[in-house]
Amino acid sequence: MKKQQKKRIRSLGSILLVLAMAFGLTACGGGEKTSPVVENGGEKEAGDTTGKTDEPGTAGADGNFNEEGYPIVNEAVTVRIMGLKHPIQGEWKDLKFFQKMEEMTGISLEFDTPALDVFEEKKSLAITGDTYPDVFFGGMLNTNQQVEWGMTEGILIPLNDLIDKYAPNVQAMFEANPGVKASVTAPDGNIYALPQINAAPIAYTAPVWYNGSWLKALNVTEDQLPKDLDAFYDLLVRFRKEDPNGNGAEDEIPLSLVSGDILGSETTECFILPAFGINGSKIYVDDNGVVKYGAMEENYKEYLKYLKKLYDEKLLDNDFATADSVSVTAQAKDNQVGLTIAAIPQNMWDVDTEQAKEYPIIRVLSSEYTGGKPVCTYPNSPIQQGTFAITDKCQCPEAMMRWVDYLYSEEGSLYIHYGDEGDFWEFADSGLRKHIEHEGMANEEYRGGKITPDCGTPCPKWVRPETEGSWEDPFQAIRIATTDEQIVPYMKEVFPQTYFSESDADRITVIKTDLDKYMKETVAGFVVGNLDIDAQWDEFQATLKQMNVEELISMYQTSYDNWAAANK
Amino acid sequence: MFCQTEVVQCPSSQQKGGFFMKRGKKRTYAVRRKGGLGRRILSCWQLYVFLIPTLVYFVIFSYGPMYGVQIAFRDFSVRKGIWGSRWVGLEHFQRFFDSYYFSQLIKNTLHISIYSIIVGFILPILLALLVNELRNGKFKSILQTVTYAPYFISTVVFCGMLTIFLNNTNGLFNQIIVGLGGKPVGFLTDPSLFSHVFVWSGAWQGTGWGSIIYIAALAGIDEQLYEAAKIDGATRLQRIWHINLPHLLPTMITLLILSCGSLLGVGYEKVFLLQNSLNAATSEVISTYVYKAGLVQAQYSFATAVGLFNSVINFVILILVNAVAKRISDTSLW
């Protein structure tokens, strides 16, 4: 009996050993496998093209395409689009925006919508695997991708002629916003992708908020908010030491970054660093049009020391490296956070709109390094690159240009953001818009979940500055007013949107692969004290040079000069 | 089952299958047979039919995609495709060798993987020997279940748990340390601790599972040997040393060779999920670097070159270790 059992165990052991070896083998083979996603995409694509050949000559020739009025096409046309889907959004095919556009234009869409964290990967794979869509909508095509996939590969088609012929609203946008056309025109003079223009400052400045309940507990009024680095430090110390959340424990996190990366944090990059007279940790352009690398400036050392002081005294979140938006939001809801970035305070802290009015936006800081002048930068550009592009697979580029042109009209740009009157919003007695509440859903959840992709995904549109103020939202009104008053007069652009020649773009990718990694790790190391700022500063500078940072600066300078010339 | 495969009528199947273990010279008698290869195959075709799915699998999924390796030597352009892209020779390898991170990547990869091979090799053997000595059947099975269980937690969940437990201020371990009057330890933010966190959390997860094979091998030892040893007055440790370990040796060596084959192939997911900007100095390994450069930044040729370099080194190490093992202990993979 016992012997039999042993035998059984022994053979089980052999099977396991064989299995282990087999797994060893498959693991080796694993890296070489082509992703199943591509294969699926391939099949789908094949299906689609056969579908399309059933309705030949969709555009122009047979009179299906209308140059004016709606519908744009008389017989239904199917276009495949690819775009970034934010987690808050519902399935794109169920969104009212797309359904309405199909009804109006006669163009029906098929969607491929990878999520944010895999989007760049999926996009590259689609291009590589030849399964790319007819149109990129909300496709986040950066300038390098436009040059590579447009200028070099010919996958994205030039839009200039189409814009001239079929897109009066896009033309109007270029006229109303000088500099935009230079920023979306590739070095060969072609436009490969249309941008989103958001002319309202609150759309591209960084909204960093103070915890209003803490200010109240410490008797700090809005006028007393810190306006220089020393006062800022003092307030953070008070946040930490004086128990503003009133729970008796020293658990306050005065400054939270919501990012595992100091260089990626708007609070440090856009408000603290500029007060040291440096407009960016990496590449930036100074007032005289000279391109510089922030970390190579002498004051950058002082900046690092300032952050280290904040970190050592636990004024800066000591867990920033492992924190993410989920953990920070949880801490803010527990009233442990004093200062952080959020679209609106309600997203972070446990407050309603009325209470949120007490949560003021950060004031621009100054210091002796700026000669007492307050300076800040903004993390986003009013120009959002690459929101719409047409590929060479598209059978009806004219129709799609007319389709997208609607979104640059005032009506269209409102529509893509807010949807129909009576659904998400209605006119209040004041003539301003107001939200319609939907049970069990926050406003943004409803907007993204039911109405539009323009809730997390950068979509093609031209938002007029006055649009943001057209709401009967006291909080929004305050935010616009304080931003206009407190931020806008002092803000500077870090670096405009420019293009690089392909060889420069390649070289920049090579340099940045290691340089960005080095910067991210080293700056974090300096701040937490894994590296010594004074002792290792020279080594840091030498390594930056060794990584060809000077070559990088000169390439950016060339690109900036071209842009500046085109802008004149 | 091992003994059975060895006396199988068709020795050539062992060569094809590749990974069957042979023990010294015992096998050679079976090879000496008359007739050509074709006749030998024909005479036991049924066995070859069983081999087909495996062969097809490897041809399709392992050998097939290898033609793509050539983009390591080309300047891969999406539009021109793999065959149409320009040849650039060793440019991408050159760039990798000249990279600031080259030595750091190699060092980190070797450090983490040698460390985990050693720990992951010794602990399961110790656990197996321990379990084997247990007399109480119930306790034994509970112990085994408890040690296996962590293996079934998925890597993503496991890393999420680690990040929460090891958090600097709120994490379980640091709460305990601070509670006992110590200073919080930056398990995931101090670069010098990353390899320990990685390896010992791996040991917690994998030791039980890794010991199964050894426990099975120990169960196969003839009871008579123990009885004889007891009569001769051998102590428990002497019995382990002179009976158990020699019996485990072939299994140990096979598993060691296999793990050495992936010396530069540290598991990508776990490192990636535990990585942050502060520990990157010791946690960046070749596979995470390939992911970032290749898939995230779309530098396919460069990433392929790095990956190819990695595979070639692994291959060479596997052959070397195998040859050494063959010479020293008469046990090898082929």
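The values are calculated or read from the model by the stated rules, or taken from the named source; none is laboratory data. None of the values given here were measured: they were computed from a predicted structure. Every residue, glycine as well, gets a Cβ built from its backbone with ideal geometry; the counts of neighbours run over all protein chains shown. Only protein heavy atoms, including side chains, enter the accessible area calculation; ligands, DNA and RNA are left aside. Shrake-Rupley method; radii C 1.70, N 1.55, O 1.52, S 1.80 Å.
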**Report entry** Lone unmet requirement of (1) under 19 Å from B:Ile112 (Cβ atoms); (2) at the interface with chain A (Cβ under 9 Å from one of its Cβ atoms) for B:Lys270
**Finding:** (2)
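Taking the criterion of being hydrophobic (A, V, I, L, M, F, W, C), surrounded by fewer than 19 Cβ atoms within 10 Å (Cβ to Cβ) and within 12 Å of chain A (Cβ to nearest Cβ), would at least one residue in the stretch B:167-187 satisfy it? Please lay out each step first, then the result.
We begin by selecting, within the stretch B:167-187, every residue hydrophobic (A, V, I, L, M, F, W, C); these are B:172-173, B:176-178, B:180, B:185, B:187.
Narrowing further to those that are surrounded by fewer than 19 Cβ atoms within 10 Å (Cβ to Cβ): B:172-173, B:176-178, B:180, B:185.
With within 12 Å of chain A (Cβ to nearest Cβ) added as a condition, the list becomes none.
Taking every residue of the stretch B:167-187 in turn, none turns out to be hydrophobic (A, V, I, L, M, F, W, C), surrounded by fewer than 19 Cβ atoms within 10 Å (Cβ to Cβ) and within 12 Å of chain A (Cβ to nearest Cβ).
Quick one: how many residues across the stretch B:37-83 are of a type in the set (Phe, Trp, Tyr) and touching a Phe, Trp or Tyr at 6+ places or on another chain (Cβ under 7 Å)?
Here is the first cut: in the stretch B:37-83, the residues of a type in the set (Phe, Trp, Tyr) are B:45, B:48, B:50, B:57-58, B:61, B:63, B:67, B:73, B:76, B:83.
Checking the rest, the ones that are also touching a Phe, Trp or Tyr at 6+ places or on another chain (Cβ under 7 Å) come to B:73, B:76.
Matching residues across the stretch B:37-83 total 2.
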Query raised in the report: Any idea which residue in the stretch A:312-345 is nearest to A:Gly212 (Cα to Cα), counting only those that are hydrophobic (A, V, I, L, M, F, W, C) and surrounded by fewer than 19 Cβ atoms within 10 Å (Cβ to Cβ)?
Result: A:Ile344
Query raised in the report: Is it the case that the stretch A:112-130 has a residue that's open to solvent by 50 Å² or more (accessible area, probe 1.4 Å), more than 14 Å from chain B (Cβ to nearest Cβ) and either of a type in the set (Ser, Thr, Tyr) or closer than 30 Å to A:Tyr70 by Cβ (or both)?
Result: yes
Query raised in the report: Restricting the stretch A:132-163 to residues that are β-branched (Val, Ile, Thr) and within 23 Å of A:Thr78 (Cβ to Cβ), which is most open to solvent (accessible area, probe 1.4 Å)?
Result: A:Ile157
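Does A:Gly338 count as over 21 Å from the mean Cα position of the chain (by Cα) and assigned to a loop (DSSP other than H, G, I, E, B)? Reasoning before the result, please.
Numbers: over 21 Å from the mean Cα position of the chain (by Cα): yes; assigned to a loop (DSSP other than H, G, I, E, B): no.
Spelling it out, it is not the case that A:Gly338 is over 21 Å from the mean Cα position of the chain (by Cα) and assigned to a loop (DSSP other than H, G, I, E, B).
Could you check the stretch A:333-348 and list, in sequence order, the residues that are touching a strand residue (DSSP E or B) at 6+ places or on another chain (Cβ under 9 Å) and within 14 Å of chain B (Cβ to nearest Cβ)? Lay out the reasoning, then the answer.
At the first step, the residues of the stretch A:333-348 found to be touching a strand residue (DSSP E or B) at 6+ places or on another chain (Cβ under 9 Å) are A:336-342, A:344-345, A:348.
Residues satisfying the conditions are A:Gln336, A:Val337.
Table: residues versus (1) out of contact with any helix residue (DSSP H, G or I) (no Cβ under 7 Å at 6 or more places or on another chain); (2) assigned to a helix (DSSP H, G or I).
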residue: A:Tyr70; (1), (2): no, no
residue: A:Gly90; (1), (2): no, no
residue: A:Glu120; (1), (2): no, yes
residue: A:Leu125; (1), (2): no, yes
residue: A:Gln146; (1), (2): yes, yes
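Sort through B:Leu237, B:Leu249, B:Leu258, B:Leu245 and tell me the only one that's closer than 26 Å to B:Val119 by Cβ and open to solvent by 80 Å² or more (accessible area, probe 1.4 Å).
Numbers: B:Leu249 fails: open to solvent by 80 Å² or more (accessible area, probe 1.4 Å); B:Leu258 fails: open to solvent by 80 Å² or more (accessible area, probe 1.4 Å); B:Leu245 fails: open to solvent by 80 Å² or more (accessible area, probe 1.4 Å).
Only one candidate qualifies: B:Leu237.
Among A:Glu410, A:Glu368, which is of a type in the set (Asp, Glu) and more than 30 Å from A:Ala231 (Cα to Cα)?
Values: A:Glu368 fails: more than 30 Å from A:Ala231 (Cα to Cα).
Checking each option against the conditions leaves just A:Glu410.
Kindly provide the set of residues from the stretch A:297-311 that are of a type in the set (A, V, I, L, M, F, W, C) and touching a helix residue (DSSP H, G or I) at 6+ places or on another chain (Cβ under 6 Å), ordered by number. First the steps, then the outcome.
Here is the first cut: in the stretch A:297-311, the ones of a type in the set (A, V, I, L, M, F, W, C) are A:304, A:307, A:310.
Answer for the stretch A:297-311, where residues must be of a type in the set (A, V, I, L, M, F, W, C) and touching a helix residue (DSSP H, G or I) at 6+ places or on another chain (Cβ under 6 Å): A:Leu304, A:Leu307.
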Report task. Consider B:Thr163 carefully, then state whether it is assigned to a helix (DSSP H, G or I), open to solvent by 50 Å² or more (accessible area, probe 1.4 Å) and assigned by TED's automatic domain parsing to the domain that holds B:Gly220. Result -> no
Report summary line: Cβ pairs under 6 Å, 6+ apart or interchain, first in the stretch A:159-184 and within 19 Å of A:Pro382 (Cβ to Cβ), second acidic (Asp, Glu), ordered by first then second residue, are A:Asn169/A:Asp405; A:Val170/A:Asp405
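Can you work out which of the residues in the stretch B:65-103 that are polar (S, T, N, Q) and under 28 Å from A:Gly154 (Cα atoms) is nearest to the chain's Cα centre (by Cα)? Please lay out each step first, then the result.
At the first step, the residues of the stretch B:65-103 found to be polar (S, T, N, Q) are B:70, B:77, B:85, B:94, B:99, B:103.
From what's left, under 28 Å from A:Gly154 (Cα atoms): B:70, B:77, B:85.
Details: B:Gln70: 27, B:Ser77: 34, B:Ser85: 35 Å.
So the residue we want is B:Gln70.
Give B:Val324, B:Val316, B:Val312, B:Val306 a once-over and let me know the one that is in the same structural domain as B:Gly160 (by TED's automatic domain parsing) and touching a helix residue (DSSP H, G or I) at 6+ places or on another chain (Cβ under 6 Å). Talk me through it step by step, then tell me what you get.
Working: B:Val324 fails: touching a helix residue (DSSP H, G or I) at 6+ places or on another chain (Cβ under 6 Å); B:Val316 fails: touching a helix residue (DSSP H, G or I) at 6+ places or on another chain (Cβ under 6 Å); B:Val312 fails: touching a helix residue (DSSP H, G or I) at 6+ places or on another chain (Cβ under 6 Å).
Exactly one of B:Val324, B:Val316, B:Val312, B:Val306 is in the same structural domain as B:Gly160 (by TED's automatic domain parsing) and touching a helix residue (DSSP H, G or I) at 6+ places or on another chain (Cβ under 6 Å), namely B:Val306.
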Report summary line: Result of the Cβ filter at 6 Å on the stretch B:183-197, keeping first residues that are part of a loop (DSSP other than H, G, I, E, B) and partners that are among the β-branched types (Val, Ile, Thr), at least 6 apart or interchain, is B:Pro184/B:Val178; B:Phe187/B:Val197; B:Leu188/A:Thr322
Requested in this report: Please find, within the stretch B:288-306, the residue that is most open to solvent (accessible area, probe 1.4 Å) out of those that are aliphatic (A, V, I, L, M) and part of a helix (DSSP H, G or I).
Outcome: B:Val296
Report task. Scan the stretch B:251-270 and report the pairs whose first residue is closer than 10 Å to B:Ile317 by Cα and whose second residue is in a loop (DSSP other than H, G, I, E, B), with Cβ atoms within less than 6 Å and a gap of 6+ or a chain change. Result -> B:Ile257/B:Leu333
Query raised in the report: Pick from A:Asp561, A:Asp534: which is outside the structural domain of A:Leu310 (by TED's automatic domain parsing), out of contact with any Cys (no Cβ under 6 Å at 6 or more places or on another chain), surrounded by fewer than 20 Cβ atoms within 10 Å (Cβ to Cβ) and within 25 Å of A:Ser366 (Cα to Cα)?
Result: A:Asp534
**Report entry** Qualifying residue in the stretch A:456-470 (condition: within 25 Å of A:Lys100 (Cβ to Cβ), under 17 Å from the mean Cα position of the chain (by Cα) and part of a helix (DSSP H, G or I))
**Finding:** no
**Report entry** Selection from the stretch A:475-522 of residues that are of a type in the set (Val, Ile, Thr), touching a residue at least 40 places away in the same chain (Cβ under 8 Å), surrounded by 19 or more Cβ atoms within 10 Å (Cβ to Cβ) and over 30 Å from A:Gly212 (Cβ atoms)
**Finding:** A:Thr498, A:Ile508
Report summary line: The one condition B:Phe73 fails out of (1) modelled with pLDDT of 90 or more; (2) surrounded by 12 or more Cβ atoms within 10 Å (Cβ to Cβ); (3) away from chain A (no Cβ under 14 Å); (4) more than 30 Å from A:Val510 (Cβ to Cβ) is (4)
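So that you can scan it fast, the table gives a plain yes or no per residue for (1) over 30 Å from B:Ile164 (Cβ atoms); (2) facing another protein chain (nearest Cβ under 8 Å); (3) out of contact with any Pro (no Cβ under 9 Å at 6 or more places or on another chain):
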| site | (1), (2), (3) |
| --- | --- |
| B:Leu274 | no, no, yes |
| B:Ile286 | no, no, yes |
| B:Val296 | no, yes, yes |
| B:Ala303 | yes, no, yes |
| B:Leu308 | yes, no, yes |
| B:Val312 | yes, no, yes |
| B:Phe315 | yes, no, yes |
| B:Val321 | yes, no, yes |
